[in-house]
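One structure is given here, and the rest of the page talks about it.
The values are calculated or read from the model by the stated rules, or taken from the named source; none is laboratory data. Quick caveat: nothing in here was measured; it's all calculated off a predicted structure. Positions of Cβ are generated from backbone atoms using ideal geometry, with glycine treated the same way; all protein chains shown enter the neighbour counts. Surface areas here come from the heavy atoms of the whole protein model, side chains and all, with no ligands, DNA or RNA. Shrake-Rupley method; radii C 1.70, N 1.55, O 1.52, S 1.80 Å.
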Amino acid sequence: MRLIALLVARDLGQAWRSAGLWLPVAFLLLVASLYPFAVGPDAALLARTGGGILWIAALLASLLPVDRLVAPDRDAGILDQIALRGISEEMVVIARLIAHWLGFGPPLMIAALPAAALLKLDGATILTLEAGLLIGTPALAALGLLVATLTAGLRSSGALAGLLALPLAVPLLIFGAGTLGDGSGAAFKFLGAASLLLVAITPIAGGAAIRAGRE
């Protein structure tokens, strides 16, 4: 646990110094600010569609730091040095997943509050949105990290990661936006199941991808 904590602290420090923590927040607020200009000031229309727009913005915001999650450390040989110290690639991916979510999920949930106000969402919808983001952002972080490990070392890896992640993220978007209008709670259950699945497989698949890239 101490080793994971050290790796998480290192990754968070790098994200802070590179301003990577603020990009998803700025992107979400920018989308929320521009959307009313596109559809007009109709409060009923904004309230009806605003939650879905915020989920789309959260998905796209999660892809912004993808090209910095694995490729820089791989190119600089840091991942090789970590492996020489006897630290498994799966451990590295777990630490990076925790750091990526801490730097992306909670700030995005906080930014969603003023963004929801801009889109005229009511209190009940905001609570539902925040609950959905709490469940869904680990999955978005895991998916971004997974495609980052798969595309590290490839030319135009950032654009390629986005092309790979967007189709895979469609179920998360459907379930996440579905929580806003589903009174039965089924969308929350599907979203939670998808999140658990992605969080569980990312260390295994990501670690294997890092080892394959080294060979």
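Taking every alpha-carbon pair under 8 Å whose residues sit at least 6 apart, the chain reaches a relative contact order of 29 percent. Probe of 1.4 angstrom, ligands and nucleic acids ignored: what's the accessible area per residue over the range 83-215, in square angstrom? Here the per-residue accessible area is 46 Å². Expressed as a whole percentage, what fraction of the accessible surface of the chain belongs to carbon and sulfur atoms when a 1.4 Å probe is rolled over the protein heavy atoms? Carbon and sulfur together cover 72 percent of it.
Summed over qualifying helices (DSSP H, 4 residues or more, each -39500 (n - 2.57)) and divided by its residue number, the chain shows a 222 nm mean residue ellipticity of -28000 deg cm²/dmol. Ordering T49, A99, A131 by Cα displacement along the dipole of the range 28-132 toward the positive end leaves T49 in first place; charges were set at the Cβ atoms of Lys, Arg (+1) and Asp, Glu (-1). GNM on the chain, alpha-carbon springs under 10 angstrom: the most fluctuating residue among A161, A58, A124 is A124.
Going by accessible area, probe 1.4 Å, with all protein chains left in place, what is the ranking of I126, I204, I56, largest first? Working shown, then result.
Working: I126 35, I204 115, I56 75 Å².
In descending accessible area the options line up as I204, I56, I126.
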